[in-house]
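J.: Supplied in structure tokens, the structure appears directly below.
Rule-based calculations on the coordinates, nothing more; no lab input. Every value quoted in this text rests on a predicted model; they were computed, and no experiment measured them. We place every Cβ from the backbone using ideal geometry, glycine too, and count neighbours over all the protein chains shown.
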Amino acid sequence: MTPGVGVPAVARRAIATKVIKDDFARQIEFEWISLPKAFVFSVDPEEDRILLNKKYRQRILGMNRASGADAAIVKLLLFLLLENEFDRERISAKQSNWLKRCNAILLEAVKAL
């Protein structure tokens with residue numbers, strides 16, 4: 001897997017050269033959408049996307065402008081944190097609780113910005 005749309009093209013190309021072992025790699029895209037307040041992110045394995053809560057976009061960006069490839073470090077850290085979620089056939093209760101804890105921790109960080 002490699003980061004896709006939502007991360008700067010220069011970074012995507014550089015990362016791809018480091019992680020792609022054959023001609024094909026699944027690209028995980030990023031999209032800012034409306035999510036419930038308790039979620040900073042959500043995983044959409046059917047569409048190979050990491051969804052980010054647009055309610056928190058400006059807090060995450062700070063003084064930076066929104067763009068299609070904004071918040072690259074946040075997105076890449078989420079990619080690394082969630083990469084294994086895209087190959088799961090189902091989410092166990094333990095894994096679901098872990099994702100909830102990750103969201104809760106990140107939400108506290110976002111609130112502190």
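J.: Please compute one quarter of the surface area of the Cα convex hull for region 64-113 and express it in square nanometres.
T.: About 4.4 nm², averaged over all directions.
J.: Check which residues have an amide H placed less than 5 Å from Arg49's amide H, if you skip close sequence neighbours.
T.: Glu29, Asp44
J.: So how much slack lies between Ile73 and Val110, counting 0.36 nm per residue of separation and subtracting their Cα-Cα distance, in nm?
T.: 11.9 nm
J.: Another question about this same structure. Rounded, prolate or oblate: which one fits region 18-62, using the alpha carbon gyration tensor with axes a ≥ b ≥ c (rounded when a/c is under 1.5, else prolate when a/b beats b/c, else oblate)?
T.: It comes out prolate by the Cα gyration axes.
J.: Still on this structure, I have one more. With θ set to phi - 60° and the Karplus curve 6.51 cos²θ - 1.76 cosθ + 1.60, what are the ³J(HN,Hα) couplings of region 90-96 in order, to the nearest whole Hz, using x for Gly and Pro?
T.: Result, ordered by residue: 8, 9, 6, 4, 4, 5, 4 Hz.
J.: Using a Gaussian network model on the chain with a 10 Å cutoff between Cα atoms, which of Asp87, Asp48, Asp70 fluctuates the most?
T.: The residue with the greatest mean-square fluctuation here is Asp87.
J.: Would you please give the FRET efficiency between Ala66 and Arg101, computed as 1/(1 + (r/R0)^6) with r the Cβ-Cβ distance and R0 = 41 Å, to the nearest 0.05?
T.: The formula returns an efficiency of 0.90 here.
J.: Pull up all non-local amide H partners of Val5: gap of 5 or more, or a different chain, and H-to-H distance under 5 Å with H placed in the peptide plane.
T.: When sequence neighbours closer than 5 places are left aside, the close amide H contacts are Phe30.
J.: Still on this structure: For region 26-82, which GluC sites (Glu not before Pro) pass both filters: DSSP loop (anything but H, G, I, E, B) and at most 13 other C-beta atoms within 10 Å?
T.: The qualifying sites are Glu46, Glu47.
J.: Applying 1/(1 + (r/R0)^6) with R0 = 25 Å to the Cβ-Cβ distance of Lys37 and Ile15, what FRET efficiency is obtained, to the nearest 0.05?
T.: 0.20
J.: Suppose the Debye formula is applied to equal point scatterers at every Cα of the chain; what is log10 I(q)/I(0) at q = 0.12, 0.23 Å⁻¹?
T.: Normalising to I(0) and taking log10 leaves -0.42, -1.40.
J.: Which percent, to the nearest 5, of DSSP beta bridges fully inside the chain are antiparallel?
T.: 35 percent
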